[in-house]
Amino acid sequence: MKQMHYERLNETVFYEKLDNGLQVYILPKHGFSKTYATFTTKYGSIDNEFMVPGKERIKVPDGIAHFLEHKMFEEKEGDVFMEFAAHGASANAFTTFDRTAYLFSGTQDIEKNVETLLNFVQNPYFTDENVEKEKGIIGQEIRMYEDNPDWRVYFGLIDNYYQDHPVQIDIAGTVESISKIDKELLYRCYETFYHPENMLLFVVGAVNPEEMMELVRQNQAKKLYGKQGEIQRFYPDEPTSVANKRSVVHLPVGIPKCMFGFKEKTVGLTGDDLLKREVATEIMLDILFSPSSALYQKLYDDGLINEGFGADYSGETQYGFSIIGGDTKDPDALVSTVQNELKSVLANGIDEESFMLSKTKKIGEFLRALNSVEFIANSFTKYKFGETDLFKVADMLEKITLAEVNERMKDHMDFDQFAVSIVTSAE
């Protein structure tokens, strides 16, 4: 078992790659009562065309990763949630564009709950009957989101950004796409992406790393996995330009919703390069759009935004985009004002004082977040799958310069890459 010590943060992560390929990371947090564990596969909604050595290339229906997540909790013997609850733990799962995570948090019987987590995820149970039943359940979920204004304005913007890449497709798929899923396809996806070579177990909290690692070793040694080889994932060639500049959806909302932002021109970054771009972008967005910014105050004083206005960035190897906005009485005036103000900032650059204030703020926010086992577990896996490290964030924030943030702003905020999504009740 290896150790990775982070002097500045006073954290030590214990690591081992097991014989079956599973990566196991354990972070003891002495003085914490809660333990949080995630068992995650590098498999999300965008991974719908793939191939492994010895098998033919296959394209599967949209939404199958999310469908598979739902089905994993169903076992022949009974309800997995009840088993966790019987040992004082709360379990959940989620699917994103890039990964699917199964997790629990608890304060007792941690060893038993870790075994339950490993065992149910590594014991799929799909039948024709339970797959058909799930189609109805997920179909209702999809229809519910189709009527959700916040969901529609968010995915409307992503759809405006992307022409061909599957990131534009709702994580749950469509009612039509999930109708094509059967148990054979589920098993094919499971056997490909739920192999230990493609998964990571992370445990953080009140645990003894040596004892926990031995428990995981013994659990995995009882299960037979052959070598799989590298998974090849195929994505369409995505044009640099946005698909649509503007979209409007009509739903019964009291106040219109408006989101806008910029699509990345450059993709393919990994590791520290990807992390540096994320850090620079988040500082830039904080300076421009946080409640302490001059632009936010102007928009608020003009009655164009409320407290729900904000900005976020999503940047992974295959895609990247910013999302800015919220509720507004006048979407067109909001967009026009922001565009004009951004053009002025782009011409003059961000000033040193604003940069240092935001940088200090971001470092403080990150250090405070390390008090949350939930934040650590979910973020650690995300960064590891991106070939970098959560605990490098503080150093990256320290090293980033004003010149790099200004350069990043000019690169990202290209109005040829700009798109707008609006949800309004007005015809």
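Read the figures in this text as sums done on the coordinates, not as results from a lab. Predicted model only: the values in this text are computed from it and were never measured. As a convention, Cβ positions derive from the backbone with ideal geometry for all residues, glycine included, and neighbour counts pool all protein chains shown.
Descriptive notes on the structure:
- Entries in Lys76/Lys223; Lys180/Lys222; Lys55/Lys183; Lys55/Lys392; Lys17/Lys55 that, when Cα-Cα distance is taken, lie over 28 Å: Lys180/Lys222; Lys55/Lys392
- The chymotrypsin sites (Phe, Trp or Tyr not before Pro) of segment 75-145 that meet both conditions, a loop assignment by DSSP and at most 15 other Cβ atoms within 10 Å of the site Cβ, are Tyr125.
- Per-residue ³J(HN,Hα) for segment 291-298, Karplus 6.51 cos²θ - 1.76 cosθ + 1.60, θ = phi - 60°, Hz, x for Gly and Pro: x, 8, 7, 5, 5, 4, 5, 5
- C-alpha long axis of helix 271-289 to longest principal axis of the chain, angle in °: 40
- Rounded to 5, the percent of DSSP beta bridges in segment 246-424 classed as antiparallel: 75
- Proximal charge balance of Leu397 [Cβ under 15 Å; K/R count +1, D/E count -1]: +1
- Loop-located GluC sites (Glu not before Pro) in segment 157-233 whose Cβ has at most 14 other Cβ within 10 Å (DSSP): Glu230
- By the Cα gyration tensor, segment 246-424 has an equivalent ellipsoid whose semi-axes, rounded to whole angstrom, run 28, 19, 17 from largest to smallest.
- Out of every Cα-Cα pair that segment 21-121 contains, those further apart than 20 angstrom amount to 48 percent.
- Sorted largest first, extent of segment 198-341 alpha carbons per principal axis (Å): 64, 42, 36
- Filtered GluC sites (Glu not before Pro), segment 311-373: DSSP coil and at most 15 other beta carbons within 10 Å: none
- Whole-Hz ³J(HN,Hα) from phi, Karplus 6.51 cos²θ - 1.76 cosθ + 1.60, for segment 256-263, glycine and proline x: x, 10, 9, 10, 8, x, 10, 8
- If you take the Cα centroid of segment 363-427 and the Cα centroid of segment 25-72, the two points sit 22 Å apart.
- Short to long, the 10 Å bins of the Cα pair-distance histogram for the chain hold 4, 19, 28, 27, 17, 5, 0 percent of all pairs.
- Nearest-ten-degree value, helix 352-369 long axis tilted from longest Cα axis of the chain: 20
- Relative contact order (%) - segment 246-424, alpha-carbon pairs under 8 angstrom, separation at least six: 43
- The alpha carbons of segment 67-125 give a radius of gyration and a Dmax of 11.2, 32 Å, in that order.
- In this calculation the C-beta distance from Ser179 to His5 is compared with R0 = 35 Å, giving a FRET efficiency of 0.10.
- Extension gain (nm, one decimal) between Ile58 and Phe73, 0.36 nm per residue minus Cα-Cα: 2.9 nm
- Between the helical axis of 209-221 and the longest alpha-carbon principal axis of the chain there is an angle of about 60 degrees.
- When each of Lys34/Lys362; Lys245/Lys359; Lys329/Lys361; Lys245/Lys343; Lys265/Lys362; Lys359/Lys410 is checked by Cα-Cα distance, pairs over 22 Å: Lys34/Lys362; Lys245/Lys359; Lys329/Lys361; Lys265/Lys362
- Under 20 Å from a label point set 7 Å out along the Cα-to-Cβ vector of Leu251, the amide N atoms of segment 58-93 belong to 63.
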